[in-house]
Amino acid sequence: MFNKNLLLILLVLWLIGSVYWQQFVIMKCNSAETKAINTDSLALVRQTDSLAAIIQPIDTAKLAEPAIGITEEDLANNEKYSSVMKPFNLYFRTNETSYITTDENQKFLSEAKTYLLTNKDKTLAIIGHSDSYGSVELNQKLSETRAASVKKQLTAEGFSAMQLLIEVKGETEPIASNETEEGRKANRRVSLAINQ
């Protein structure tokens, strides 16, 4: 009987201890964790509020538009004329053979025309370039086609065909990485340079 009473007392103590453990220790720990979580959340909210004061609101209309990146028009407009003796790049819209006209390239062409008229022994190199997409042969042909198109346009604008020399470089002289679309656009160009 003594053993049964001892077992009964131990069982009761175990139950009381379990209840105590559940009610006070576990709840107290949960309360402390909840308080820590709430403190962290409050700090995060305060940090977010201070960041919101720094960061400008997002224009959701822009989020709906796809990122286009640099265009051929951007490249053409970024070319600046400084001297007829410095090479100048012309750019083309996709699937077009006429170069994009800008005030800057018109200044270059006007000066080049005047220079060639007064210096009959000089020539203007029209150098066709391409990106590295596709075969070497195809890129050679594309750069030749672009250069020939520019020569035809310049001849129509009064340049002497005898002073316009076509050079074909294909993909051999990139000015930007062919690993990006922007770089490939920059490499698809025709360079103009006075041969001295």
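The values are calculated or read from the model by the stated rules, or taken from the named source; none is laboratory data. What you see is a predicted model; the values in this text were computed from it and never measured. Here the Cβ positions follow ideal geometry from the backbone for every residue, glycine too, while neighbour counts run over all protein chains shown. In case anyone asks, the SASA skips ligands and DNA or RNA and just uses the protein heavy atoms, side chains included. Shrake-Rupley method; radii C 1.70, N 1.55, O 1.52, S 1.80 Å.
Net charge around Val84, counting only other residues with Cβ within less than 15 Å of its Cβ (Lys, Arg = +1; Asp, Glu = -1)? Could the numbers behind the result be given before it?
Details: positive: Lys80, Lys86, Lys107, Lys113, Lys122; negative: Glu79, Glu104, Glu111.
Overall, the nearby charge balance is +2.
Going by amide H atoms built from the backbone, whose H comes under 5 Å of the H on Glu167, apart from near neighbours?
The answer is Ile126, Ile127, Gly128.
Which residues does the label zone of Lys152 cover in segment 83-108, counting backbone N under 16 Å from a point 7 Å along Cα→Cβ?
Counting only backbone N, you get 92-93, 95-100.
Treat each spin label as a single point 7 Å out from the Cα along the C-beta direction, and report the Met162 to Thr94 distance in nm.
Between Met162 and Thr94, the label points sit 4.3 nm apart.
Considering only the other residues whose Cβ falls under 12 Å of the Cβ of Glu73, what net charge follows from Lys and Arg at +1 and Asp and Glu at -1?
In short, -2.
In the neighborhood of Tyr115, defined by Cβ-to-Cβ distances under 15 Å, what is the net charge if each Lys or Arg adds +1 and each Asp or Glu adds -1?
Details: positive: Lys86, Lys107, Lys113, Lys120, Lys122; negative: Glu111, Asp121, Glu157.
Once positives and negatives cancel, what remains is +2.
Rank Val190, Val168, Val136 by accessible area, highest first, at a 1.4 Å probe radius?
Details: Val190 0, Val168 55, Val136 85 Å².
So the residues, ranked largest to smallest area, are Val136, Val168, Val190.
Label Lys80 and Gln196 with points 7 Å out from Cα along Cα→Cβ: what is the distance between them in nm?
The two pseudo-label positions are separated by 2.1 nm.
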